[in-house]
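Heads up, the thing below is written out as structure tokens.
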Amino acid sequence: SLALDNMKKMKYFSKKYIENKLDFEFGDKNIIFTLHPETLGNSSLQKKLKSILENLKKLKNTKIIFTVPNVDMGNKHIYKIIKDFTKKNKINSILVKSMGQELYFSVLKFVDLVIGNSSSGIIEVPSFNIPTINIGNRQKGRISAKSIFHVAANKKQISNKIKRVL
């Protein structure tokens, strides 16, 4: 991936800079959550999103940085659910519309886990020695590092894997 080459040359932002830029303080544990619509016609993940978020809400001393889903069909539904969740959980979560590559990679230096179904969790995140919980089938068939845990869009599986990984 070209992004991996760019990471070698990149100057990363400090934790303080990131917190000021996002207007959000990191916690004891930190997660980035990125969920895109599944493009193979499987909408079960979108249907289960609320229950997945309820599991995340129960995590103690954990902050969650949500990123906006891509523009694939079904993104508005995901965006609305996450936006509503972050409004109700302002202390522990934030929704970031766009970080850009430099800020995103800098944030990765300060998180403990990446959750979702973004290719970034498969391609770039392993370079930061951070585990990824990859949900659903969107990244099915890609080569994966040992730090990537594939789970179905199942509330219990996801919850158990988060507890084990953190």
Worksheet, complete the sentence: Contact list, first residue from region 148-165 and assigned to a helix (DSSP H, G or I), second anywhere and among the charged types (D, E, K, R), beta-carbon distance below 9 Å, six or more apart or interchain, is 155/48; 155/54; 158/48; 159/58; 165/112
Discussion item. Regarding region 122-134, can at least one residue be identified that is open to solvent by less than 30 Å² (accessible area, probe 1.4 Å) and either of a type in the set (Gly, Ala, Ser) or on the phi > 0 side of the Ramachandran plot (or both)?
Written reply: no
Response to the item:
Here the residues within region 96-121 that are open to solvent by less than 20 Å² (accessible area, probe 1.4 Å) and among the hydroxyl-bearing types (Ser, Thr, Tyr) are 106, 120
Item to complete: Return the residue satisfying two criteria in turn: it lies in region 1-29 and is farther than 18 Å from residue 112 by Cα, in a helix (DSSP H, G or I) and not charged (D, E, K, R), and of such residues it is most open to solvent (accessible area, probe 1.4 Å).
Response: 2
Worksheet item: So is residue 108 in contact with a Ser or Thr (Cβ under 8 Å, 6 or more places away or on another chain), in contact (Cβ under 8 Å) with a residue 60 or more places away in the chain and closer than 14 Å to residue 32 by Cβ or not?
Response: no
Worksheet item: Does any residue in region 112-129 that is closer than 20 Å to residue 160 by Cβ come within less than 6 Å, Cβ to Cβ, of a residue that is in a helix (DSSP H, G or I) and not β-branched (Val, Ile, Thr) six or more places away or on a different chain, and which pairs are these?
Response: 114/121
Worksheet item: Just a yes or no: is a residue in region 75-86 more than 27 Å from residue 12 (Cα to Cα), of a type in the set (Lys, Arg) and part of a loop (DSSP other than H, G, I, E, B)?
Response: no
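The values are calculated or read from the model by the stated rules, or taken from the named source; none is laboratory data. This structure is a prediction, so every number in the text was calculated from the model and none was measured. Cβ coordinates were reconstructed from backbone atoms using ideal geometry, including for glycine residues, and neighbour counts include every protein chain displayed. In case anyone asks, the SASA skips ligands and DNA or RNA and just uses the protein heavy atoms, side chains included. Shrake-Rupley method; radii C 1.70, N 1.55, O 1.52, S 1.80 Å.
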